[in-house]
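First up is the structure itself, then whatever we jot down about it.
The values are calculated or read from the model by the stated rules, or taken from the named source; none is laboratory data. Quick caveat, the model's predicted, so the values are computed rather than measured. Ideal geometry is used to build each Cβ from the backbone, glycine not excepted, and the neighbour counts take in all protein chains shown.
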Amino acid sequence: MTNSGAEVGALTRRREAGKANIGSAGARLAGTAPRRRLPVGERRNELINAALELLNSRPGTEVSMDDVASSAGASRRLVYHYFGSKQELYPAALDRAAEQLTALIGLGGEGAPTDRLAGALSRYFDYVEDHAAGYVALMRGQTGVPGSAGPAGKIGKIVDGVRQVVLGSILEALGVAAPGPVLRVTLRCWLACAEAAGLDWLANRDLPRHMLETMLTAQLVALLRVAARRDAEITVVLERLLADAREHRA
């Protein structure tokens, strides 16, 4: 390379370095730092988590895509790159909340029915307490997306899916494979009670959590007693549950 060619190359390199320094200085003056690139899955999760937090602090109708971008420290353009609209982002956020909840409350494992039911209820309230944002948004369907929160909407289907998982877990603990209509309705009523109790507890925090869990367990037994008058199958289930409770107290 000739001397003149070398000088041109050096000048070009100095110019590029100068541009880089100016960009970095501008970012520092603006109080920001260049965002590092994340894999697609991580960036998507970041945006979903930001949306969940916002949906707990105010109604979905008051949360914009710009708010999500600001909360996640991302650009508006990036949010729209991953999610074209609220109709895509908010149901995805609540679907994530549902996944977290169902993963925690699965009964599974061995143990007496009372132990498994108590364990499931405890894990349910672990989620309520540790993931308040996701729980409140999920139960209230706070999306701000028209038609998404009703029974036939996206959020309605997500919530119903959670309830089906919980119902299946309770039936497994009770040793019932195929419940009749009386038992099914009874357990669905109790699930609605547990959901409402979780929302009330988060809003007020004026009742010890262990007391609330004990109350809900007693309410389930009371509902089963009433239902047993209408269905002999439930009488057998209730007797087995009470016998297990007596054995634990002995």
Discussion item. I need every pair where a residue in region 176-189 that is within 21 Å of VAL159 (Cα to Cα) and among the polar types (S, T, N, Q) has its Cβ under 6 Å from the Cβ of a residue that is at pLDDT 95 or above and in a helix (DSSP H, G or I), sequence separation at least 6 or different chains.
Written reply: THR186/LEU223; THR186/ALA227
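If the requirement is being touching a residue at least 60 places away in the same chain (Cβ under 8 Å) and surrounded by 15 or more Cβ atoms within 10 Å (Cβ to Cβ), which of these qualifies: THR61, THR114?
Checking each option against the conditions leaves just THR114.
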Worksheet item: Residues that are modelled with pLDDT under 90 and in the same structural domain as HIS131 (by TED's automatic domain parsing): which helices (runs of 4 or more DSSP H) entirely in region 42-120 hold 3 or more of them?
Response: 86-105
Worksheet entry | Flag if ALA149 is outside any helix (DSSP H, G or I) and at pLDDT below 90 | yes
Discussion item. Between a residue in region 212-240 that is on the phi > 0 side of the Ramachandran plot and polar (S, T, N, Q) and any residue that is surrounded by 14 or more Cβ atoms within 10 Å (Cβ to Cβ) and not in a helix (DSSP H, G or I), which pairs come within a Cβ distance under 8 Å, given they are 6 or more apart or on different chains?
Written reply: none
